[in-house]
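The values are calculated or read from the model by the stated rules, or taken from the named source; none is laboratory data. All values reported here derive from a predicted model rather than from experimental measurement. Reconstructed Cβ throughout: ideal geometry from the backbone, glycine too, with neighbour counts over all protein chains shown. Just so you know, the surface numbers come from the protein's heavy atoms only, side chains and all, with ligands and any DNA or RNA stripped out. Shrake-Rupley method; radii C 1.70, N 1.55, O 1.52, S 1.80 Å.
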Amino acid sequence: MSGQRGQALARSPADRSVAGGVLPCGVYLDYHVVFTLPAPISAIAYYNKTVIYGLLFEVAAETLRSIAADPKHLGAQIGATLVLHTWGSALTHHPHVHGIVPGGGLSLDGERWVSCKPGFFLSVRVLSRLFRRRFLEELSKAYTAGQLQFFGEYAPLSDATAFANWLSPLRKCEWVVYAKRPFDGPKAVLAYLSRYTHRVAIANSRLIALDERGVTFRWKDYRAKGRTRHKTMTLSPDEFIRRFLLHVLPSRFHRIRHYGLLSNAGRRDHLARVRELLKVAPVDAEPKDAIAEPSDKAAQPTFICPDCGAAMIIVEILPRKPLIRAPPPPGGTP
């Protein structure tokens, strides 16, 4: 793009695809569900990011859809958008996924919309148990297939017996899955995602100082309560950089993924069916008598995302700075 007359600042439609997958306001509330890996698995995840982060996505989505489809719970096909976070407030390695889930779904026969109970989506205890069992099953399969690597203090886990003994206590401990209060409509969902989906580890607003002591930043201690939660931390430059680099993802790894009714393959048809059942017009629908006004804007050039191959949306064009000509040589012609 640098070869064009102006430089385009573009973003892929995948970055804003959630906006197209939001159901009409007033139909339901979006629930916020979080799946977290226990510390021992987080430790080996750093050396096996593609495998373990991928399992975190797939098993969390499978857990949500399986429990929701069970007639004992919701009995519906649901959709979910999952966003990967790998950091805690102090930049430590803390892999977890945030799930944005509609408070209902299509009935299993696709003939009606099934809403969850007011203020309650699914039992987090049931979600936690299934998530733990399925994740450990898939992790064991990945180990057997030779997809995991171990280094340093975890090198002994290359032995199958040692790995089995290491897994044993993880089958009994509690895995943290919890649901936060539902979002207050689609705008709140998009506001949340816009704050967190494209930030890596720390926002500039949390940085306080860089001086002879190191890098000082604000962080929140979730184990404390009240005002004492908000603290400052100073790290040496090398430790700050080390913690920041913990959260660099593998090349082409997608940290925002959509499942079920919101999956890219069938989202348009699924949402059209939901709106049909609820007798609600699409969000971007215009009145039939609306008169289209001619646009003065010139046709925008098309750019292709190098990662996903989709057309990119131009959000701004920066004009190229004018060239500065050197002064003419003495006695010469300009």
Search result, residues across the range 238-261 that are in contact with a helix residue (DSSP H, G or I) (Cβ under 6 Å, 6 or more places away or on another chain), in a loop (DSSP other than H, G, I, E, B) and either loosely packed, with under 14 Cβ neighbours inside 10 Å or aromatic (Phe, Trp, Tyr) (or both): PRO250
Any hit, the range 174-191, residues being assigned to a helix (DSSP H, G or I), open to solvent by less than 10 Å² (accessible area, probe 1.4 Å) and β-branched (Val, Ile, Thr): yes
Residue tally, condition surrounded by 20 or more Cβ atoms within 10 Å (Cβ to Cβ) and not in a strand (DSSP E or B), over the range 66-98: 5
Residue list for the range 195-228, filter: open to solvent by 50 Å² or more (accessible area, probe 1.4 Å) and modelled with pLDDT of 85 or more: ASN204, SER205, LEU207, ILE208, LEU210, ASP211, GLU212, ARG213, ARG218, LYS220
Qualifying residue in the range 262-271 (condition: surrounded by 16 or more Cβ atoms within 10 Å (Cβ to Cβ) and part of a loop (DSSP other than H, G, I, E, B)): yes
Some residue of the range 7-29 being at pLDDT 85 or above, touching a strand residue (DSSP E or B) at 6+ places or on another chain (Cβ under 7 Å), over 27 Å from LYS279 (Cβ atoms) and surrounded by 15 or more Cβ atoms within 10 Å (Cβ to Cβ): no
Qualifying residue in the range 38-56 (condition: assigned to a helix (DSSP H, G or I), of a type in the set (Phe, Trp, Tyr), buried (at least 19 other Cβ atoms within 10 Å of the Cβ) and under 16 Å from the mean Cα position of the chain (by Cα)): yes
